[in-house]
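Below is one structure, written out as C-alpha cells; comments come after it.
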Amino acid sequence: MIFLYVIITIIILYCAAASVLIINGAREKREIPKGTPAIVLGCTVRKNKMSKMLIRRCDKALEYLNSDKDAVLILSGGREDEINRAESRAMFDYLTKNGADCGRLIMESKSTTTRENMIFSKEILDKLGLGNEAVIITTGFHQFRSGVYARRVGIEPYRLSSRLTIGAFTKNIVREWIVIPGLLKK
C-alpha cells in the first residue's frame, strides 16, 4: 500500500512541476522589439472550419500586426487533405478577411507538428533574412513546448498567448504533461 502512495505522490508532484513550467512558459517577461516577425502556430481545421482555438490565435496575431506596422506573420501549419485546407491557408483567409495586409503574411504549409512548425519557420526566417528572433503566437499551454523547439532550431522566442477557456486549458494541459518527458530528453 505504501508503494501505491509513493507512486501517486510522485505523479502529483510531477504534474504540479510540469504545470508550473507550462503556466510560466505562457508569460512574456520582456519587451518585444518593433519589427520582430511572428510565427502563428496552427491547430485544428475540420471540414474547412477553424477551431475556436485557432480563431483566437489568429485574433491575437491580428492584434500584433495592428500594433507593429513593421512586423510580418509566418502562418505555420500544413495538415491539408482533400476535405480540409491547410492550417496556414485557413489562417491566411481568416486574417485577410479581417483586414490583414496579405503582403505581411507568409504561409508555411509543410509542417504537421510543433517541432516542424519551428524547423520550417526558421528556414523562412533565414531565407528572407528576418533574423533569429520571432514572436511565437499560440495558446498559453503550448508556449513552453513551442519555446523549447524554437530554441533548438536557433530561434530566440518571444511569447504572445491567445485566450483559452478553462475546459480547453484542462484538456490540453493533461496532453502537455504527457509530452514533456519526451520533449526534455531529446
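Coordinate-derived values only; no laboratory data. Just so it is clear, the model here is predicted, and its values are computed rather than measured. Because the Cβ atoms are built from the backbone with ideal geometry, glycine has one as well, and the counts that use them run over all protein chains shown.
Using the number of other C-beta atoms within 10 angstrom as an exposure proxy, rank ILE119, ILE11 with the fewest first.
ILE11, ILE119
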Exposed-loop-free span, longest in the chain, where GluC sites (Glu not before Pro) count as exposed if DSSP calls them loop and at most 15 other C-beta atoms lie within 10 Å: 83-186
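Per DSSP H run of n ≥ 4, the term is -39500 (n - 2.57); total these for the chain, divide by its residue number, and report the mean residue ellipticity at 222 nm rounded to 500 deg cm²/dmol.
Value at 222 nm, helices only: -17000 deg cm²/dmol.
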When Lys and Arg each count +1 and Asp and Glu each count -1, what net charge do the other residues less than 11 Å away from LEU21, Cβ to Cβ, add up to? 0
For the Cα atoms of the chain, what angle does the longest principal axis make with the long axis of helix 2-25, in degrees from 0 to 90, nearest 10? 20 degrees
Tell me the angle of helix 143-152 to the major Cα principal axis of the chain, expressed in degrees between 0 and 90 and rounded to the nearest ten. 70 degrees
Tell me which trypsin sites (Lys or Arg not before Pro) from the stretch 10-102 have a DSSP coil assignment and no more than 12 other beta carbons within 10 Å of their own. ARG27, LYS29, ARG30, LYS34, LYS47, LYS69
Taking the 0 to 90 degree range and rounding to the nearest ten, how far is the long axis of helix 52-67 tilted relative to the main principal axis of the chain, both from C-alpha atoms? 50 degrees
For the stretch 104-110, take each phi angle, set θ = phi - 60°, evaluate the Karplus expression 6.51 cos²θ - 1.76 cosθ + 1.60, and give the result in whole Hz per residue in order, putting x for glycine and proline. 9, 10, 10, 8, 10, 10, 9
Would you mind giving the average projected area, over all directions, of the Cα convex hull of the chain in nm² with one decimal? 11.9 nm²
